[in-house]
Amino acid sequence: MDIKLIIWDLDDTLWTGTLAESSDVHLNASRADYIRQLNQRGVVSAICSKNDHETARQKLMEFGLWDEFVFPRISFSPKAPAVKQIIQDMQLRPENVLFIDDNMVNLREVKFLIPEVLVVDATTELCDQCLEALLEQYQNVRKSRVQEYRMLEARVTDSQSSNMPREDFLRTCDIRVSMVHRMDNLDFASRIEQLINRSNQLNYTKSRVAAGSIPDLVSSILTYDCFSIFVWDRYGYHGLVGFVALEKERHLVHFVFSCRIMHMGVENWVMNEVRRLFPQADFSQIALALRPVDWIRNGSFHDADVRKMIYENEFAEAARSPNLRIMANCQSGAIAHFSGLAKDAVFDNAPQAFDPKNIIDRVFYLRFFLNEDFKGQFFPDHLVYGAFVDYANGYWPGISEADLMTSVYALCVERFCRFVETTGRNALVIIPFEDAPDAKLPQHFGVTRKRLAHFNQIWRSAVEAHPRVKLLDLNRIASEEEAIDVRHYGVPLLKKIADNTRSWYDKVSA
């Protein structure tokens with residue numbers, strides 16, 4: 001059973017007796033417990049009951065159950081149309097819905113109008129067997145969706161009462177979307193896996209993934225560009241509601257969203273953003289028309305407040321004030337994740353995920369120490385810097401090779417170390433392999449063997465005079481076989497880097 005919603009009758013189903021005839025009804029305690037437990041495992045409950053709304057609400061409050069339900073439809077009206085409306089309002093597929101009632105006429109009417117809905121007679125043993133099976137099926141899920149559907153309920157109610165055209169109403173909702181790029185997704189890997197494997201309506205690529213495969217996917221940064229999609233609006237935080245994976249910046253591997261954001265325009269907005277970042281991306285395989293969306297705004301994951309909001313909602317133990325910054329570009333998220341420090345840290349990512357106008361605020365380049373640009377950066381007490389990032393030509397625009405090798409690079413290293421030392425901070429600097437085979441030297445980026453040896457030696461000399469700056473020399477902890485190239489590393493080596501980062505951080509932050 002792929003059940004996401006249970007719609008409950010009340011009389012002689014959730015309790016024994018008829019509320020309209022007597023207030024002395026007796027709660028079925030085991031079914032009440034099923035509702036509470038399933039809510040904690042991602043299966044929500046709604047109500048479709050022929051009763052007086054206020055009387056039923058008071059009775060459910062008396063039993064401590066009112067807040068366990070979403071989309072209650074309590075009135076003396078036919079049940080089949082009401083069930084259909086609940087499913088439509090909750091933006092679910094009928095085959096993901098279980099309807100429980102003690103009246104065979106109601107069950108048959110619902111089945112006739114909505115054949116895909118699973119119906120169960122509340123008076124039979126099969127009813128509790130189904131509930132027990134669901135509880136066992138989702139025993140490893142620890143995600144309540146009650147609040148998410150309560151926000152959807154509020155938005156549906158406001159939309160229906162506003163009498164506005166849909167797009168005009170959406171403009172009043174202050175919808176924000178954050179696209180989390182590449183290895184920054186590692187902390188959300190299990191949620192991404194669940195989203196892909198449970199989503200059907202808005203799974204445009206119809207893809208599924210093997211258990212535990214997402215970390216390898218998002219870590220393969222030279223092959224795949226991955227984005228998880230977080231959404232919030234004036235109704236609240238909707239969480240991780242989408243995932244996109246693009247192979248070689250063109251082929252669409254995953255394009256999947258939760259049904260909770262249906263009709264908000266999020267899929268169209270994301271498609272526009274992906275096409276902006278990767279104009280060659282091929283969306284021809286999916287049935288989604290490209291159209292402008294002007295009612296959604298970007299909320300960059302590299303904005304400190306946005307990242308803090310996401311982590312505080314996703315992880316109860318998230319740090320209030322980051323005490324660590326990891327500056328290793330597209331591999332920062334992997335170091336943060338594998339070290340277990342992501343909840344304590346801010347970390348950089350690949351520059352194409354940023355607004356170029358604000359790049360100085362969001363990503364670190366060593367060249368910022370040539371002038372005053374570094375003063376616009378956020379530097380907490382502890383810094384991890386992947387020096388290998390700046391070994392490439394592209395990070396030194398307008399500077400000749402001769403100037404870089406003879407003076408500029410050494411000057412920036414000295415200023416960086418002096419800044420760390422004089423401000424009482426601590427830094428761990430990661431320097432790359434020197435004797436890698438030619439195939440692992442991205443010489444088209446200017447990364448030559450001569451440059452590797454020269455820049456590494458500058459760092460070795462600099463840290464001798466600055467005790468607050470420590471080196472993590474990859475020449476000492478791993479072999480070049482563990483690297484994709486001298487600036488990009490596979491998961492096993494990233495884990496070694498992360499372990500060393502954790503040991504250093506535990507020591508300097510004690």
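Points worth noting:
- Residue within region 118-140 that is closer than 26 Å to Gly242 by Cβ and of a type in the set (Gly, Ala, Ser) present: no
- Near pairs, Cβ below 8 angstrom, 6+ apart or cross-chain, from region 214-238 (within 16 Å of Arg250 (Cα to Cα)) to any residue that is in a loop (DSSP other than H, G, I, E, B) and among the aromatic types (Phe, Trp, Tyr): Asp225/Phe278
- Test: residue in region 435-454 that is over 30 Å from the mean Cα position of the chain (by Cα), buried (at least 16 other Cβ atoms within 10 Å of the Cβ) and polar (S, T, N, Q): no
- The single residue among Ala402, Ala392 that is more than 28 Å from Asn500 (Cβ to Cβ) and either not assigned by TED's automatic domain parsing to the domain that holds Ala342 or not charged (D, E, K, R) (or both) turns out to be Ala402.
- Matching residues, region 95-111, being in contact (Cβ under 8 Å) with a residue 60 or more places away in the chain, assigned to a helix (DSSP H, G or I) and touching a helix residue (DSSP H, G or I) at 6+ places or on another chain (Cβ under 9 Å): Asn96, Asn106
- Residues in region 462-485 that are hydrophobic (A, V, I, L, M, F, W, C) and either part of a helix (DSSP H, G or I) or within 12 Å of Pro432 (Cβ to Cβ) (or both): Ala462, Val463, Leu471, Leu472, Leu474, Ile477, Ala478, Ala483, Ile484.
- Residues satisfying the stated conditions in region 473-510, i.e. without any contact (Cβ under 8 Å) to a residue 12 or more places away in the chain, more than 26 Å from Gln457 (Cβ to Cβ) and of a type outside the set (A, V, I, L, M): Pro492, Asp506
- Selected residue [within 22 Å of Glu148 (Cβ to Cβ), aliphatic (A, V, I, L, M) and touching a residue at least 12 places away in the same chain (Cβ under 8 Å)] from Leu38, Leu10: Leu38
- Filtering region 33-56 to residues that are surrounded by 16 or more Cβ atoms within 10 Å (Cβ to Cβ) and within 21 Å of Asn106 (Cβ to Cβ) leaves Tyr34, Ile35, Val44, Ser45, Ala46, Ile47, Cys48, Ser49, Lys50, Asn51, Ala56.
- Single residue of Ser284, Ser228 found to be modelled with pLDDT of 90 or more and touching a Leu at 6+ places or on another chain (Cβ under 7 Å): Ser228
- Pairs where the first residue, in region 388-403, is among the β-branched types (Val, Ile, Thr) and the second is not in a loop (DSSP other than H, G, I, E, B), C-beta under 6 Å, 6+ apart: Val389/Asn329; Ile399/Val408
Conditions tested, residue by residue: (1) within 11 Å of the chain's Cα centre (by Cα); (2) assigned by TED's automatic domain parsing to the domain that holds Val43; (3) crowded, with 17+ Cβ neighbours inside 10 Å; (4) farther than 17 Å from Glu273 by Cβ.
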site	(1), (2), (3), (4)
Ser190	yes, no, no, yes
Leu195	yes, no, yes, yes
Asn200	no, no, no, yes
Asn203	no, no, yes, yes
Gly212	no, no, no, yes
Thr223	no, no, no, yes
Phe230	yes, no, yes, no
Leu240	yes, no, yes, no
Arg250	no, no, no, no
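- Hey, Ser161 exposed (fewer than 15 other Cβ atoms within 10 Å of the Cβ), more than 30 Å from Asn103 (Cβ to Cβ) and modelled with pLDDT of 90 or more or not: yes
- Restricting region 411-455 to residues that are in contact (Cβ under 8 Å) with a residue 60 or more places away in the chain and either assigned to a helix (DSSP H, G or I) or among the small types (Gly, Ala, Ser) (or both), the residue that is nearest to Ser509 (Cα to Cα): Phe455
- When the residues of region 1-32 are filtered to those that are among the charged types (D, E, K, R) and under 30 Å from Gln201 (Cβ atoms), the one that is nearest to the chain's Cα centre (by Cα) is Lys4.
- Within the set Asp216, Asp184, Asp174, the sole residue that is at pLDDT 95 or above and of a type in the set (D, E, K, R) turns out to be Asp174.
The values are calculated or read from the model by the stated rules, or taken from the named source; none is laboratory data. Worth saying up front: this structure is predicted, and the values here are computed from it rather than measured. A quick note on method: Cβ atoms are made from the backbone with ideal geometry, for glycine too, and the neighbour counts reach across all protein chains shown.
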